[in-house]
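Input: a single structure, listed below in structure tokens.
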Amino acid sequence: MWPVIGQPKAVSLLEQSLERKNVAHAYLIVGPCHVGKMTLALSLAQALNCLSGKPPCGECPTCRRIAGGSFSDVGVVGLAKASSDDSRAKTEISIEQVRELQHLASLAPFEGRCRVFIIDQAERLSLEAANCLLKTIEEPPAGVLFVLLTSCEEALPATVVSRCQRLEMRPLAAGEIENALREKNIEPERAKLLSRLSRGLVGWAFSAVSDDSLVVGQLEMRDRVMSLSGGGLLPRLDYAAELAGLFGRDRRKANEVLGIWRDWWRDLMLVKLGLGNAVTSVDRTVELDEMAAGLSLEEIRKFIGDIEMAEAALGQNASPRLALEVLALNIPEGRNG
């Protein structure tokens, strides 16, 4: 039983490959953070080593140990903690890590049928590390599988991407996540709120069940974005500078903020179109109604386009400060303050 919520296309492809015994030597799983990439990768590792007749069973000793991270033939490579003399370790997967992976890959499986190496945040591979890895996935040892996980495949060398079979995982519909949460006995109103705030990311929703700080942080970011429409130019420019600084330190977090910004304005569009039941911000329906009343549909649509243009510009290495200042200055004022 694959424990992946949604993603039937990706799961079906892997199931068929397993049935036909033509599993690829390397997979590239592409999708936003918290969409379930690691769950899918570990499920594939379980399926290849499962002791039951219907893999992955999730119950046999091998499946349990893989899920718990204690199975010697399944390894995860990601960002290492920085040592005092190597600040790069926080931002790159190093060539030393890949060389260690290559050494382990050269060994026969110790207790399973297949060695599986999962590279998390593969876009963080240094150029040296990516080129080193390329040599291995071009001519992989027998009984070895590589799974690369990324939320930004454009940052990977095209040569690495071309050697992998690509699987895409897309955000889920809010209703699908809400149903999954309710199946785990989450209270209906909370399940509805978390499913809408998750922005289609099922992993975030389940993490937020037990970590209220995720919800608080999301709501604070959203409410600050919401307040910019009624603020003056100086607060907007200050916020743009702050967000540009965040982008320089942590692109993933800055992109999350822009996603929250975009979702708020899409909620306004839905309200304007009479589709208020479909909004993400189910706890801010009064504010959405009031703000939408002071804006035209054309203004809302144009600003959503401005957000998407800013995201595209940032993805093409435009000046973060300039792109975000232009975006902040383009926020419609609203005629009801």
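Table for the structure above
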| read-out | value |
| --- | --- |
| Residues of segment 230-248 satisfying the condition of being closer than 21 Å to Leu314 by Cβ and out of contact with any Ser or Thr (no Cβ under 9 Å at 6 or more places or on another chain) | Arg236, Leu237, Asp238, Tyr239, Ala240, Ala241, Glu242, Leu243, Gly245, Leu246, Phe247, Gly248 |
| Every residue from segment 197-220 that is in contact with a Gly (Cβ under 8 Å, 6 or more places away or on another chain) and either outside any helix (DSSP H, G or I) or not aliphatic (A, V, I, L, M) (or both) | Arg199, Gly203 |
| Residue among Glu153, Glu128, Glu139 that is among the acidic types (Asp, Glu), within 17 Å of Val23 (Cβ to Cβ) and surrounded by fewer than 22 Cβ atoms within 10 Å (Cβ to Cβ) | Glu139 |
| Selected residue [over 24 Å from the mean Cα position of the chain (by Cα), in a helix (DSSP H, G or I) and under 19 Å from Gly231 (Cα atoms)] from Val271, Val257, Val326 | Val326 |
| Of residues in segment 49-72 being within 26 Å of the chain's Cα centre (by Cα) and surrounded by 24 or more Cβ atoms within 10 Å (Cβ to Cβ), the one farthest from Arg20 (Cα to Cα) | Ile66 |
| Qualifying residues in segment 268-293 (those that are buried (at least 16 other Cβ atoms within 10 Å of the Cβ) and small (Gly, Ala, Ser)) - the one modelled with the highest pLDDT | Ala292 |
| Number of positions in segment 13-67 that are touching a residue at least 60 places away in the same chain (Cβ under 8 Å) and part of a helix (DSSP H, G or I) | 12 |
| Test set (1) crowded, with 20+ Cβ neighbours inside 10 Å; (2) over 20 Å from Ala142 (Cα atoms) - Leu14 fails condition number | (2) |
| Residue in segment 246-267 that is surrounded by fewer than 15 Cβ atoms within 10 Å (Cβ to Cβ), of a type outside the set (Lys, Arg), under 28 Å from Ser151 (Cβ atoms) and out of contact with any Leu (no Cβ under 7 Å at 6 or more places or on another chain) present | yes |
| Within segment 1-11, considering residues that are aliphatic (A, V, I, L, M) and surrounded by 16 or more Cβ atoms within 10 Å (Cβ to Cβ), the one farthest from Leu125 (Cα to Cα) | Ile5 |
| Flag for Gly305 being of a type outside the set (Lys, Arg), assigned to a loop (DSSP other than H, G, I, E, B) and without any contact (Cβ under 8 Å) to a residue 40 or more places away in the chain | no |
| Leading residue by the ranking (farthest from Lys135 (Cα to Cα)) among those in segment 25-38 that are in contact with a strand residue (DSSP E or B) (Cβ under 8 Å, 6 or more places away or on another chain) and surrounded by fewer than 19 Cβ atoms within 10 Å (Cβ to Cβ) | Met38 |
| Condition met for Leu194 (in a helix (DSSP H, G or I), at pLDDT 90 or above and in the same structural domain as Gly315 (by TED's automatic domain parsing)) | no |
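To keep it simple, each residue is scored yes or no on (1) modelled with pLDDT of 90 or more; (2) surrounded by 20 or more Cβ atoms within 10 Å (Cβ to Cβ); (3) under 14 Å from Leu258 (Cα atoms); (4) more than 24 Å from the chain's Cα centre (by Cα).
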residue	(1), (2), (3), (4)
Glu298	yes, no, no, yes
Arg301	yes, no, no, yes
Ile304	yes, no, yes, no
Leu314	no, yes, yes, no
Ala318	no, no, no, no
Leu322	yes, no, no, yes
Ile331	yes, yes, yes, yes
Arg335	no, no, no, yes
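The values are calculated or read from the model by the stated rules, or taken from the named source; none is laboratory data. Remember, it's a predicted structure, so these values are computed and weren't measured experimentally. FYI the Cβ positions are ideal-geometry reconstructions off the backbone, even for glycines, and counts take in every protein chain you see.
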